[in-house]
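These notes are about the structure you will find just below.
The values are calculated or read from the model by the stated rules, or taken from the named source; none is laboratory data. Please read these numbers as outputs of a predicted model, since none were measured by experiment. All Cβ positions, glycine included, derive from the backbone under ideal geometry; neighbour counts span all protein chains shown. These area figures cover heavy atoms from the full protein model, side chains too; ligands, DNA and RNA do not enter into them. Shrake-Rupley method; radii C 1.70, N 1.55, O 1.52, S 1.80 Å.
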Amino acid sequence: MPQTAPLIDTIKRVLKAQGKTYADVAQVLDLSEASVKRLFAEKNFTLQRLDKVCEFLGMEISDLVRTMESSGEKLTELTEEQEKELAADTKLLLVAILLLNKWSIDEIIATYQLDIHEGIQLLARLDRMKLIDLLPGNRVKLKISRNFSWRKNGPIQQFFEEQVQADFLRSRFNKAGENRLFVSGMLSRRSNEEIQRRMKRLNTEIIALLAEDESLPVEEKFGTAMVMALRPWEPKLFEALRRSPSTKKF
């Protein structure tokens, strides 16, 4: 298969971004962990095995190819220090996120309360942080992959939970472009895992749509956010009424 080596390297990056291990892949492929490590080291995957790993990651092979082409050697995860610096400065975080969404510094200054001097200073900081390359004419080359992920329980996730999450959910979700679904019920472990696979596939599709829309003018786009969440759960007011295992009646 052409470009096998870059594809395998992309799989490794996606595995890391999703918190998956070689042991997980070994279980999917019904191989020993040592055999899987050898496959990655030799970059020797059959199409059938590649397809199984992609399904495990919630992706199609075509999604993997797009991810490979769009990410190259770009960062898929920031360091703890990089996230701390972003989380500590709202304007720096704003500019970083807008650059990731393909805004120019001129568009950022025209839309937000920044002057050109402050904007250039923020670009210089992002350059020093190795998140961008600052080019002549205040043009920017991103060093961050479109499919990068924030660190689990890292500074940005904590910032989101403390300052953004409640604001995002403070809505009736009944306006144009808004939607909220809440479904609960009793599921088997197998069904729960299937939903997780579909959520990952949807995440990949959203990343592909973001890439498609990057070239559109800023005035034709608007900020959009979606949260998908799934966990074994029961409302606390119900949980409080549960019998302890020793007092259950049958």
For an R0 of 41 angstrom, estimate the FRET efficiency from the Cβ-Cβ distance between SER62 and THR111 and round to the nearest 0.05. 0.75
In nm, the gap between the two label points placed 7 Å beyond Cα toward Cβ at GLN196 and LEU169 is 2.1 nm
Length gained, LEU47-LYS221, 0.36 nm per residue minus C-alpha separation, equals 58.9 nm
What part of the accessible area of the chain, given as a whole %, is carbon or sulfur when the probe is 1.4 angstrom? 52 percent
For LEU75, the residues 5 or more places away or on another chain with a placed amide H closer than 5 Å to its own amide H are ILE144, SER145
Once the cut-off is 30 Å, how many percent of the Cα-Cα pairs in the chain end up in the long-distance tail? 41 percent
Given a cut-off of under 8 Å on Cα pairs at least six residues apart, what relative contact order in percent is computed for the chain? 21 percent
Rough spin-label spacing in nm, given labels placed 7 Å along Cα→Cβ, for ARG139 and GLU178: 4.0 nm
I want to check a number: in segment 81-228, how many lysine pairs have alpha carbons closer than 18 Å, given a sequence separation of 8 or more or different chains? 13
Given 0.36 nm per residue, what is the gain on full extension from LYS12 to GLU118 after removing their alpha carbon distance, in nm? 34.3 nm
How much accessible surface does ARG13 have with a 1.4 Å probe, in Å² rounded to 10? 50 Å²
Using a Förster radius of 35 Å, what is the FRET efficiency between ALA211 and MET186 based on their Cβ-Cβ separation? Nearest 0.05, please. 0.40
Per the Debye formula with a single identical scatterer at each Cα and no solvent contribution, what log10 I(q)/I(0) holds for segment 14-71 at q = 0.18, 0.22, 0.29 Å⁻¹? -0.61, -0.92, -1.40
With each pseudo-label sitting 7 Å past Cα toward Cβ, what's the ARG151-LYS130 distance in nm, one decimal? 1.4 nm
For segment 91-140, what does the relative contact order come out to in percent, with C-alpha contacts under 8 Å and a separation of six or more? 35 percent
Once you list every other residue whose beta carbon is under 12 Å from the beta carbon of VAL36, what net charge do they have if Lys and Arg are +1 and Asp and Glu are -1? +2
Calculate, for GLU55 and LEU75, the FRET efficiency according to 1/(1 + (r/R0)^6) with r their C-beta to C-beta distance and R0 35 Å; round to the nearest 0.05. 0.85
